[in-house]
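Input: a single structure, listed below in structure tokens.
The values are calculated or read from the model by the stated rules, or taken from the named source; none is laboratory data. Since the structure is predicted, the reported quantities are computational estimates derived from the model, not experimental observations. Cβ placement follows ideal geometry from the backbone for every residue including glycine, while neighbour counts extend to all protein chains displayed.
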Amino acid sequence: MKREIWRNFDFWLFGAALFLSIFGIMMIQSAIAGNATLAQAVSRQPLYLIGGTVLMLIMAAIDYHYWGSLSRFIYIFAIISLLIIYVVGTVSFGSARWLDTGVIMIQPSEIVKILMIMVLADFFAKNIDKPHDLKWIFQSFLMTFGVVIWILLQPNLSTSIVIFVIWFALVWICGVPVKYLLILALVGIVLIAAAFPLLEDYQRGRIINFLFPDPEASYGDTYNVEQALITIGSGGLLGEGYGQGTQVQLRFLKVRHTDFIFSALAEEFGFVGAMTVMGLLLFLIWRCMEIGRTASDLYGSLIAYSYAAMLFFQTAVNIGVNLNVVPVSGLPLPFISYGGSSLLSSILGIGLVESVALRKGTITS
Amino acid sequence: MIMNEQKSYQKAIEPWRIRVIYIGIAAVFCFYTFKLFSLQILQGDYYLAQAEDNRTEEINLQTERGIIMDRNGVVLARNVASYNVTITPADLPGDPTEEPLPGAIQEIYRELSPLIGVPVSNGVLNDETVKTFTACNTDFGITEVVIIQDTNAPYSAVNVACDIDRETAMIIQEKASDWPGVGIEVQPIREYPTGSTTSEIIGFLGPIPATLEEEYRAAGYVPNRDKVGYAGVESSLNDILAGTNGKRVVEVDVAGKEIRDIETPIDPVPGNNVKLTIDTRLQAAAKAALIGEIDWWNRYFNTIRSSNGVVIALNPKTGEVLAMVSYPTFENNRMAKYIPAYYYNQLMSDPLTPLFNHAVSAEHPPGSVFKLSTAIGALNEGVVTPTQSLTCPGKISITEKYSPNDPGSEREYVCYDKLGHGKVYYQRAIALSCDIYFYKIGGGYEGEVEEGLGIDRLAEYAKALGYGQVTGIELPGEAEGLIPTSAWKRVNLSENWSTGDTYIAAMGQGYVLSTALQVAVSAAIVANDGVYMQPTLVREVLDSNGNVIQPFTPKVKWDITKDKLITVFDENGIPTEEKKAVEPWVIKLTQEGMRMTITEGTAKNYLSNIIINGKDIPVAGKTGTAEYCDNVAQDKGLCIPGNWPTHSWFVGYAPYEDPEIAVVAFVYNGGEGASVAGPIARKVFEAYFQLKAIDAGEPEVKESEITTP
């Protein structure tokens, strides 16, 4: 039996993810552009990929239903992992996000995204027959908020938003009535307006800059996005070639190994390369949606759908920032951007979805 | 069973909700595809150009301006090094923006600070102060200047101290190996060893004016760095002296660090050197003579009667200007590094206009020196014959008429000598500068001269002698002067030319205006038997290695005895197509008249008996005492009718038989020509022939050995 289920292993999903990760490592190498400190840091990315792949296979092997039955513990574990960094966390770029385990630096909030997929999918699967009223929405929201609050306080707005997007995707899929959706939207707008003054200066600045670009803005304010557009545009149809992009190699493009790696690859590989990467990410999302559709039970289905939603949201926001259609936010491009925790979390997610894929049509076992 | 289970949860998820998600995903990816297509394919060239612009930097390589020498190779303008202390932030041992500063950087700053007199740290960095920051002109300390540079271009050097002395520069240069990031930048600055002695000729340099920035930029100049001539030959010969800047196009990274040359570098072409016709020794002697004479008379009258004058010496056979003094002038070394506002404003507001070259730009009535034109014209036109003597009774009455039928009114014209000169013939009239003689030949006099020369014919001869037009000397702002004609008066003053105007113009008064250089040229033409040599300041142009690329070749402008320059007028005074030249014998007789000025005429007491090294130097010349009434004189209340203030003029040449030098001396409000301008010219002649004897290595002849005949 155990051996048989691997026949359902989605090699397309795994292959695309692996391809993108390896391409990412290659692209990061190019984006280092002679920066010695950066070179040292990113040399560990392949290790994350190897470690992540092993963990993914283990994740795939484990029956996802266990996560459902352990959801309370997972929920508590998520909160504790986030609380730990307030005690022993490492501050970087003004926010405490990192946990130094001695061997590797881990960003617990990245892992918590996958944990929240397990927990929330379980909640919605179990409560599918209850009335989809405001209480249902509110209860699930509070549950999400109980974890997100600690990420929000780091502060890390973008990851918080990702988790709320997972929650919202689940609310949507599980059939929230449209009238409540309108109420939700209204409350959301009010909340955002109320929260705006509470944002950090840099976050407010980014949003204002995006919504109302100041034509007389000083060089620094719009430099990054402007350079990103130049970088993308100068790639043309076929790109300037690997390691040949002047914007990347001469470091006019900033944060080119993380937030703006899409611009870097668009310059070096052109429209064709950028479309290929975007196509592969789309393919990944589609595979996950397919696994969601064919999953053997609601829990599995919701896991796959919410992971797809997360993947889509992160991809859309990251590329949107690069194309200057979304305000600057620190969301990495899944699988490609530099960042061990992000890569690990994306690959673990693949493992989780593979676990669902492996067990389609085997509900009774 | 399994099917039922699946169905039950499948029902839980309404398919349209999944479809909405798919539509959302498709919409976003379609939009991004469109955006990418637009950026990379449609606007690809635009962004590629921007990326190119990011990575390419054009470095202008400064050329060196040519030097200016006098005819003997004495340097009049050269480039000297000015030393700036620079710091390249990226090369410092550590991060200069860190707080507190890394120890190694602190050490450098602390040792450097007392050497250059700039505090280690001073001032507050904020948007406002950083925006207004300009290197070399800031109150910031070293730390702040380096931090600003580090944010702008950490791989480029910034000046932390400018124009330090050479010794300090050497000390810092030696320490540079211990002080990574610190360097010395050598910048060329113009220096004028002869300073105010030659400043009216040399001029000075200044920044590229904002209004001409585009043109100069197109010619490869860099505004705020390169300078251009503002006056003198620095301005007029700018194209020869300036040279061409070189260019490198390099690839730079975001920090401004040069990666490589993209194009083959173009080396700068140094400017050509110029050897002027000026003899600095003669220039100094002429200036000393002018200032000495002016000061002597000011002391004599115990008032500042005059403080403005001109001396020009030129070679009538070649046109070479040997000396050109415009007094007062300015000190061009004070404008070498930058033009100090207070000094410039002081020069600009000075009523004596020291920035103005009076030798070529100031127009004055020439007075009696202009009689040469009248004399040559009258003789050449047959108004008088050489032997014909006219009576000079001291004063005459002439009818002032505005038209032939105008009954007119009687007016009295006086000679400067109220006793008159008796019977005067041509040469004697010139020598004595007899006013009555020139009234008569200029305007006619019943019974003696049936028809005078008349203004239109006079103007023809004056112009042939170089009046009323620029000479074309290599100096900016040359004035044309004014030679009036009957047509000119009708057009400009809406009045007919009167007979009285002719009498006045024949004397170089009234509407007639000329520059000192034009007066010098008129005498030089006579001295050179009617040949007008182009006056010039440039003897040779040499390349930067000292090879002559443009040797001196005297240029003949025209020969009044051969070139037909004089328009012939018919009996009604209407110009005809016919033209004629001046008869050589007319020039000859004029020369004789000018010689007689010295031997027995107006300048007898001042320019005769010039004996240099035992040799007698015969001079020929003409004095002038020009009445004027300009706004300065009017303000001072000097314009008393019949007793106007006068400028002093003397123009002459020597040796009489074989002229080598023509000199004009002019003193504004100097009074009598002979006694004020005459001695100045005498000193210039003396200096010239003394220098000539010295240059020829002639043994010095002592006064006592001279045997006077």
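From the list B:546, B:508, B:530, the lone residue that is of a type outside the set (Phe, Trp, Tyr), surrounded by fewer than 24 Cβ atoms within 10 Å (Cβ to Cβ) and at positive phi is B:546. Within the range A:56-82, the set of residues being hydroxyl-bearing (Ser, Thr, Tyr) and surrounded by 15 or more Cβ atoms within 10 Å (Cβ to Cβ) comprises A:64, A:71, A:75, A:81. Counting residues in the range A:138-147 that are crowded, with 20+ Cβ neighbours inside 10 Å and within 14 Å of another protein chain (Cβ to nearest Cβ) gives zero. The residue of the range A:293-318 that is surrounded by the fewest Cβ atoms within 10 Å (Cβ to Cβ), among those that are over 21 Å from residue A:351 (Cβ atoms) and more than 8 Å from chain B (Cβ to nearest Cβ), is A:317.
Quick check on the range B:156-174. Is at least one of its residues assigned to a helix (DSSP H, G or I), of a type in the set (Ser, Thr, Tyr) and surrounded by 14 or more Cβ atoms within 10 Å (Cβ to Cβ)? Full working, then the answer.
First pass over the range B:156-174, keeping only residues assigned to a helix (DSSP H, G or I): B:166-174.
So of that shortlist, the ones also of a type in the set (Ser, Thr, Tyr) come out as B:168.
From what's left, surrounded by 14 or more Cβ atoms within 10 Å (Cβ to Cβ): B:168.
Yes - at least one qualifying residue is present in the range B:156-174.
Restricting attention to the range B:101-120, does a residue exist that is surrounded by fewer than 17 Cβ atoms within 10 Å (Cβ to Cβ), in contact with a Pro (Cβ under 6 Å, 6 or more places away or on another chain) and not basic (Lys, Arg)? For the range B:101-120, residues surrounded by fewer than 17 Cβ atoms within 10 Å (Cβ to Cβ), in contact with a Pro (Cβ under 6 Å, 6 or more places away or on another chain) and not basic (Lys, Arg): present. Would you say residue A:290 is without any contact (Cβ under 8 Å) to a residue 60 or more places away in the chain, charged (D, E, K, R), assigned to a helix (DSSP H, G or I) and more than 10 Å from chain B (Cβ to nearest Cβ)? Yes.
For every residue, the table says whether it meets (1) within 13 Å of residue B:311 (Cα to Cα); (2) without any contact (Cβ under 8 Å) to a residue 60 or more places away in the chain.
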site	(1), (2)
B:619	no, no
B:626	no, no
B:630	no, yes
B:649	yes, no
B:681	yes, no
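Residue by residue, here is whether (1) in contact with a Lys or Arg (Cβ under 7 Å, 6 or more places away or on another chain); (2) within 14 Å of chain A (Cβ to nearest Cβ); (3) over 25 Å from residue B:153 (Cα atoms); (4) not hydroxyl-bearing (Ser, Thr, Tyr) holds:
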{"position": "B:198", "(1), (2), (3), (4)": "no, no, yes, no"}
{"position": "B:221", "(1), (2), (3), (4)": "no, no, no, no"}
{"position": "B:237", "(1), (2), (3), (4)": "no, no, yes, yes"}
{"position": "B:246", "(1), (2), (3), (4)": "no, no, no, yes"}
{"position": "B:277", "(1), (2), (3), (4)": "yes, no, yes, no"}
{"position": "B:281", "(1), (2), (3), (4)": "no, no, yes, yes"}
{"position": "B:296", "(1), (2), (3), (4)": "no, no, yes, yes"}
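A count restricted to the range A:277-287 and to residues that are away from chain B (no Cβ under 11 Å) and over 19 Å from residue A:23 (Cα atoms) stands at 1. Give me the strands (runs of 3 or more DSSP E) completely within the range B:567-631, filtered to those with at least 1 residues that are within 21 Å of residue B:373 (Cβ to Cβ), touching a strand residue (DSSP E or B) at 6+ places or on another chain (Cβ under 8 Å) and among the acidic types (Asp, Glu), ordered by residue number. Correct list: B:575-580, B:620-627. If a residue must be more than 10 Å from every other protein chain (Cβ to nearest Cβ), surrounded by fewer than 24 Cβ atoms within 10 Å (Cβ to Cβ) and either farther than 21 Å from residue A:331 by Cβ or free of Cβ contacts under 8 Å to residues at least 12 places away in the same chain (or both), how many such residues does the range A:246-272 contain? The qualifying residues number 1.
For the range B:363-382, the criterion of being at positive phi, at pLDDT below 95 and part of a helix (DSSP H, G or I) is met by at least one residue. Among the residues making up the range B:406-422, those that are touching a strand residue (DSSP E or B) at 6+ places or on another chain (Cβ under 6 Å) and either without any contact (Cβ under 8 Å) to a residue 12 or more places away in the chain or of a type in the set (Gly, Ala, Ser) (or both) are B:408, B:409, B:420.
Going by the structure shown, is residue A:120 touching a residue at least 12 places away in the same chain (Cβ under 8 Å), under 21 Å from residue A:351 (Cβ atoms), among the hydrophobic types (A, V, I, L, M, F, W, C) and more than 14 Å from every other protein chain (Cβ to nearest Cβ)?
Details: touching a residue at least 12 places away in the same chain (Cβ under 8 Å): yes; under 21 Å from residue A:351 (Cβ atoms): yes; among the hydrophobic types (A, V, I, L, M, F, W, C): yes; more than 14 Å from every other protein chain (Cβ to nearest Cβ): yes.
So residue A:120 passes the test.
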